[in-house]
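One structure is given below, encoded as structure tokens.
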Amino acid sequence: MAVTAPRTTNVPTLPAHPDPDTDRVLDSGLLHELSYAFGGPFHFLLPHRFDANLAAFRTALGDAGVEGLVYYAKKANKAAIWMERCAVHQAGVDVAGVGELREALGHGVRGENIVVTGPAKSDELLRLALLQGCLVAVDALDELDMLITLALTGAVRQARLLLRRLPPTQPHSRFGMNTGELETALDRCVRAGDAVRMEGFSFHLSGYATQPRTDLAAELVEWCLKARVVGLQADRISIGGGFAVDYSPADQWYTFLAKQHPEHYHAHKTFHSGDFYPYHSPVAGADALRTILASVPEGGQTSLAERLQETGTLLLMEPGRALLAGAGSTVFSIQGLKERDGYRIATVDGTSLSLSEQWFNSEYLPDPELVTPTGRSRGTGIHPTCVGGASCLESDMVTWRKIPLPARPRVGDLLVYPNTAGYQMDSNESPFHDLPLPPKVVLDRLDDRPRWRLDRRTAY
Ligand SMILES: Cc1ncc(COP(=O)(O)O)c(C=O)c1O
């Protein structure tokens, strides 16, 4: 059945921003070789992008005249390469469990450059953090008590800690401490004496808006001043993560949102526009940090940057997704094709668990590239194709949307999803059906012929 139509058709499309580095990889022929070698899906990683994103965050701090530290939020991608880059650049890492802490230490990150976040930390995690001199973002009073007890009774007698604030604008968050709890925590820190080094306060906000981050950061500065009065160090605040990533151009994104309709999806699946990640963001990554610093907090007179300077307060942050912007893609091979009424179903050699967005009842929207053995397909047609996973579940759709591919897909062609390093690749991966977890390939060099190696992650 012919499913070709002129490219002016109404099938919504969402191209990612152009990315010459990724295009060079797609056109190099390497991906077909690797697909053959691995016999299944895989991800490729671009460490130079991580380096550039980290440098951009640091430059934003420097330009604002603010002293600070960037901690990579490790949960966003499990690969070892990011730890190795953090170690080389003396950047910090944000870990939320023993496994993540072990990986960070094992790949060369010094304990003093690690912040331990996450709720209700186990005593094993707290003990390790103490021994390694990590900073602990304390989430609750009972956790504070446990940390103080460990410090008083263990080999290392001083715990470095931040107190995590329950955001007043997100009162239903299960993380952090409210005003009363923070007052109690301050009191307990004072009583603990040398057993604790209370370095300041932290928060992490849901969403990507910058002004609430400016406002809450300014509030934490006030908490620091209060804590200093009672003799605590309190010279830093962490504003967590949540720096947006800009995947697609504004016009394409807003057109997509206006157009998208259940008939554009396999089985008339309904997605609500509000459930999608905001794939276009006018202010993203390090620019979001610039905006946060340049903005005046609610009720304030000066910018947050000035407030930090005049109070001698360091700014810590824990970006995950934003440090991985443009730093990797996910490659599936088409294993089979089926015609449906006016579209095709391509079944690929992996599952939707290697492109995590379905887990959030949402869909990863930036269009995948159709790659043939000679490079990107540059056809001018419209071949609406949804993408199914290689499992027995109806719900295992990598993409429910009928993507308007530019050429007729064939078995053995690759579908390469762009910009997947932040959370998409591995946060929900699973060896369901005894399928192997997709390996990660590090592309160390991109010249004429990209050089690749396997990522050095030690444990899966
Ligand atoms: C405490 C904390 N810090 C940092 C992050 C990273 O957020 P993002 O990847 O959006 O920057 C998270 C994400 O959940 C978090 O919970």
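The values are calculated or read from the model by the stated rules, or taken from the named source; none is laboratory data. None of the values given here were measured: they were computed from a predicted structure. As a convention, Cβ positions derive from the backbone with ideal geometry for all residues, glycine included, and neighbour counts pool all protein chains shown.
What about ILE403, is it touching a helix residue (DSSP H, G or I) at 6+ places or on another chain (Cβ under 8 Å), assigned by TED's automatic domain parsing to the domain that holds GLY39 and in contact (Cβ under 8 Å) with a residue 60 or more places away in the chain?
Values: touching a helix residue (DSSP H, G or I) at 6+ places or on another chain (Cβ under 8 Å): no; assigned by TED's automatic domain parsing to the domain that holds GLY39: yes; in contact (Cβ under 8 Å) with a residue 60 or more places away in the chain: yes.
The answer is no for ILE403.
Being among the aromatic types (Phe, Trp, Tyr) and in a loop (DSSP other than H, G, I, E, B) is a property that holds for TYR247. Note on the stretch 295-349: residues that are assigned to a strand (DSSP E or B), away from the ligand (no atom under 16 Å from the Cβ) and not aromatic (Phe, Trp, Tyr) amount to 17. Of all the criteria given as (1) out of contact with any Lys or Arg (no Cβ under 9 Å at 6 or more places or on another chain); (2) outside any loop (DSSP other than H, G, I, E, B); (3) away from the ligand (no atom under 15 Å from the Cβ); (4) within 22 Å of LYS226 (Cβ to Cβ), the one not satisfied by LEU163 is (3). For the stretch 267-302, name all the residues that are free of Cβ contacts under 8 Å to residues at least 40 places away in the same chain and surrounded by 15 or more Cβ atoms within 10 Å (Cβ to Cβ). If the condition is that a residue be free of Cβ contacts under 8 Å to residues at least 40 places away in the same chain and surrounded by 15 or more Cβ atoms within 10 Å (Cβ to Cβ), then HIS280 is the only one that fits.
Selection of the stretch 174-184 for residues being within 16 Å of the ligand (Cβ to nearest atom) and in contact with a Leu (Cβ under 6 Å, 6 or more places away or on another chain) yields GLY176, MET177. For the stretch 229-241, a tally of residues being in a loop (DSSP other than H, G, I, E, B) and either touching a helix residue (DSSP H, G or I) at 6+ places or on another chain (Cβ under 6 Å) or free of Cβ contacts under 8 Å to residues at least 60 places away in the same chain (or both) returns 6.
Tallying residues that are part of a strand (DSSP E or B) and polar (S, T, N, Q) within the stretch 38-86 yields 0.
Among the residues of this structure, ALA140 counts as one that is assigned by TED's automatic domain parsing to the domain that holds GLN233, within 16 Å of the ligand (Cβ to nearest atom) and among the aliphatic types (A, V, I, L, M). Of the residues making up the stretch 40-66, just one is of a type in the set (Gly, Ala, Ser), in contact (Cβ under 8 Å) with a residue 40 or more places away in the chain and loosely packed, with under 15 Cβ neighbours inside 10 Å, namely GLY65. Listed by position, the strands (runs of 3 or more DSSP E) enclosed by the stretch 352-460 that each have at least 2 residues that are among the charged types (D, E, K, R) are 397-405, 440-445, 451-454.
Any idea which of GLU100, GLU112 is within 16 Å of the ligand (Cβ to nearest atom) and either part of a helix (DSSP H, G or I) or crowded, with 24+ Cβ neighbours inside 10 Å (or both)?
GLU100 is the lone residue from the list that is within 16 Å of the ligand (Cβ to nearest atom) and either part of a helix (DSSP H, G or I) or crowded, with 24+ Cβ neighbours inside 10 Å (or both).
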